[in-house]
Amino acid sequence: MNDLHIEPARGEERLAHWRDVHNTIIPTAVLSPDEVRERAGRNRLEVAYLGEVVVGCSTVRPPDEETPAATVIARTLPEFRGRGVGTALYERGLAHARTLSDEGVETVVLASNEDGLRFALARGFVEVERYVLPGDTVPFVTLRLA
């Protein structure tokens, strides 16, 4: 994967790339450009590229009032899975998350994303909660690194 590079989602173009991947992977919680800008102000957002092609994105959320753990979410577009993109995003996010909290690391995966759940479980995460956002029908799964 010599041509894989991961960049901070700064500037309108990279934020749009991050948003496109997010909205493709999580069609039940589509974000607007303003919502992405707001998230970029409080979370670390990154975009993965193979050459010039957008292939994935990640989010690292610091602990907050509800969750004392840091949260790492790696997303890879389906056609690029199995090539190390998710692993690269996850490992970068995990390294950063460990600097944010001594209370552990969590991730969140849309329940219908079987590849994402398999990815998290294979890395030692265990399910701790399922929840459905208002108006949605597909639950999100919160997993904690054991």
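The values are calculated or read from the model by the stated rules, or taken from the named source; none is laboratory data. Just so it is clear, the structure is predicted and the values come from calculations on it, not from any experiment. Please note that ligands, DNA and RNA were not included when accessible areas were found on the heavy atoms of the full protein model with its side chains. Shrake-Rupley method; radii C 1.70, N 1.55, O 1.52, S 1.80 Å.
Laid out as a table, the results:
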quantity	calculated
Two-decimal Rg to Rh for the chain - Kirkwood Rh, Cα set	0.93
Average Cα contact separation per residue, the chain, under 8 Å, 6 or more apart, as relative contact order %	18
Residue-wise HN-Hα coupling along the range 6-18, computed from phi with Karplus coefficients 6.51, -1.76, 1.60 (Hz; x: Gly, Pro)	10, 10, x, 7, 10, x, 4, 5, 5, 4, 5, 4, 4
In sequence order, calculated HN-Hα J values of the range 126-133 (Karplus, 6.51, -1.76, 1.60; Hz; x Gly/Pro)	10, 5, 10, 6, 10, 8, 10, 6
The range 79-146: C-alpha gyration tensor shape, a/c 1.5 cut-off, then a/b vs b/c	oblate
Gyration tensor verdict on the range 14-84 (Cα atoms; rounded if a/c is under 1.5, prolate if a/b is larger than b/c, oblate otherwise)	prolate
Heavy-atom accessible area per residue - the chain, 1.4 Å, Å²	53
Centre separation in Å (Cα based) which lies between the range 132-146 and the range 7-84	17
Surface share of carbon and sulfur [accessible, 1.4 angstrom probe, percent] for the chain	49
